[in-house]
Amino acid sequence: MSLDTANALVTLAEAKEFLKITGTSEDTLLEGFINKASIWANDFTQRLLLSRALTEYYDGDGDNELMLKQYPVSALTNLYDDVLRAFGAGTAINIASDVVLDSEKGIVRLWNQAVAFNVGIANVKVVYTAGYATVPETIKEA
């Protein structure tokens, strides 16, 4: 078994150092444990803890706030609000001038020209990067 690099919250080397293992005979077993523990942590927190690029669709509810499924957010790339779900350039929200992002909590707030998200089904498209680029030690130890 190889390490699931999309989800593994620790490296094989980090696990071996923590467990004080120097040989390689248990590497496959340890990689399996790391993979299972990392997936468990994602499932338990209901988040993808390791940093990755995401595209998600949300229902607009007429409010000016949107709580993203994943956080912390390291980059908000694109934000669209289109009840027709074509998501063309004309439906893009200007992130620089009309959005306030609470990166740690994953909350997108509209202000200025963008007052509220239109009411609709899957009419809000968000392209962003979320998760930990450097996994906190407390999560690694868990």
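Tabulated data
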{"quantity": "Residue count for the range 20-68, restricted to those that are of a type outside the set (S, T, N, Q) and either in contact with a helix residue (DSSP H, G or I) (Cβ under 7 Å, 6 or more places away or on another chain) or in a helix (DSSP H, G or I) (or both)", "calculated": "16"}
{"quantity": "Which numbered condition LEU29 fails, given (1) open to solvent by 50 Å² or more (accessible area, probe 1.4 Å); (2) under 30 Å from ALA15 (Cα atoms); (3) touching a residue at least 40 places away in the same chain (Cβ under 8 Å)", "calculated": "(3)"}
{"quantity": "Residue tally, condition closer than 20 Å to VAL73 by Cβ, outside any loop (DSSP other than H, G, I, E, B) and among the small types (Gly, Ala, Ser), over the range 87-142", "calculated": "4"}
{"quantity": "Given (1) within 27 Å of ALA75 (Cα to Cα); (2) open to solvent by 30 Å² or more (accessible area, probe 1.4 Å); (3) assigned to a helix (DSSP H, G or I); (4) of a type outside the set (A, V, I, L, M), number of the condition ASP4 does not satisfy", "calculated": "(3)"}
{"quantity": "Meets criteria (modelled with pLDDT of 95 or more, surrounded by 17 or more Cβ atoms within 10 Å (Cβ to Cβ), polar (S, T, N, Q) and under 26 Å from LEU48 (Cα atoms)) for ASN123", "calculated": "yes"}
{"quantity": "Test: residue in the range 77-86 that is assigned to a loop (DSSP other than H, G, I, E, B), open to solvent by 30 Å² or more (accessible area, probe 1.4 Å) and touching a strand residue (DSSP E or B) at 6+ places or on another chain (Cβ under 7 Å)", "calculated": "no"}
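The values are calculated or read from the model by the stated rules, or taken from the named source; none is laboratory data. If you're wondering where the values come from, they're calculated on a predicted model, not measured in any experiment. Every residue, glycine among them, receives a Cβ derived from its backbone with ideal geometry; neighbour counts consider all protein chains shown. Heavy atoms of the whole protein, side chains included, go into the accessibility calculation; ligands, DNA and RNA do not. Shrake-Rupley method; radii C 1.70, N 1.55, O 1.52, S 1.80 Å.
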